[in-house]
1. Go through the stretch 93-136 and count every residue that is aliphatic (A, V, I, L, M), crowded, with 16+ Cβ neighbours inside 10 Å and touching a residue at least 24 places away in the same chain (Cβ under 8 Å).
2. If we scan the stretch 138-146, do we find a residue that is outside any helix (DSSP H, G or I), of a type in the set (Gly, Ala, Ser) and on the phi > 0 side of the Ramachandran plot?
3. Any residue in the stretch 123-134 that is basic (Lys, Arg), in a loop (DSSP other than H, G, I, E, B), under 27 Å from Tyr73 (Cα atoms) and touching a Ser or Thr at 6+ places or on another chain (Cβ under 6 Å)?
4. Output yes when any residue across the stretch 61-78 is modelled with pLDDT of 90 or more, among the hydroxyl-bearing types (Ser, Thr, Tyr) and under 27 Å from Val29 (Cα atoms), and no when none is.
5. If you go through the stretch 40-70, how many residues are assigned to a helix (DSSP H, G or I), touching a residue at least 12 places away in the same chain (Cβ under 8 Å) and charged (D, E, K, R)?
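The values are calculated or read from the model by the stated rules, or taken from the named source; none is laboratory data. No experiment lies behind these values; they were computed from the predicted model shown. When we count neighbours, we look across all protein chains shown, and the Cβ atoms used for this are built from the backbone with ideal geometry, even at glycine.
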Amino acid sequence: MAESPNPLGFLWKHVEDVKEHWKKNFAFVDYYKKTLGWEKPLPKWTDADVEEFISSDPVYGPQLKAIQESRKYVAFGATLGAAQLGGISLKYSKSPHGFLLATGFGALCGGVLGAEVADHVKKLYKVDKQGVNLRFLYWWEDKTRGNLE
């Protein structure tokens, strides 16, 4: 006697397809598992340690240096945006909460614009920034745990 098809078979296949879809969409969570999933947290690093990585790695070192230098653009853009939008808000509104909101929004927009300028000036759009930072974390883990010669 032939077995009847399972009525929930289609539903089960659909659930598996949906799970695979969301697994692909949330692949970035693996990055956080790699960096935050250590039993014992990594010790803090100093600027000298970062410079040592930059000089020791010919591929990822210069990329990390460019990423670090891009912070200046972001800070300048955030400061300029906060001052400009906060100043306009203070001139025309004179309300404290409006001034704070406008200053915060100006800092946010200026920081994003500064990051975009840094991406183009330093050519960071060609660099996998997350991969470079992850490579540094792996190097730092090897160095502090004693796996690096």
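1. The total comes to 7.
2. Yes, the stretch 138-146 has at least one match.
3. no
4. yes
5. Number of matching residues: 2.
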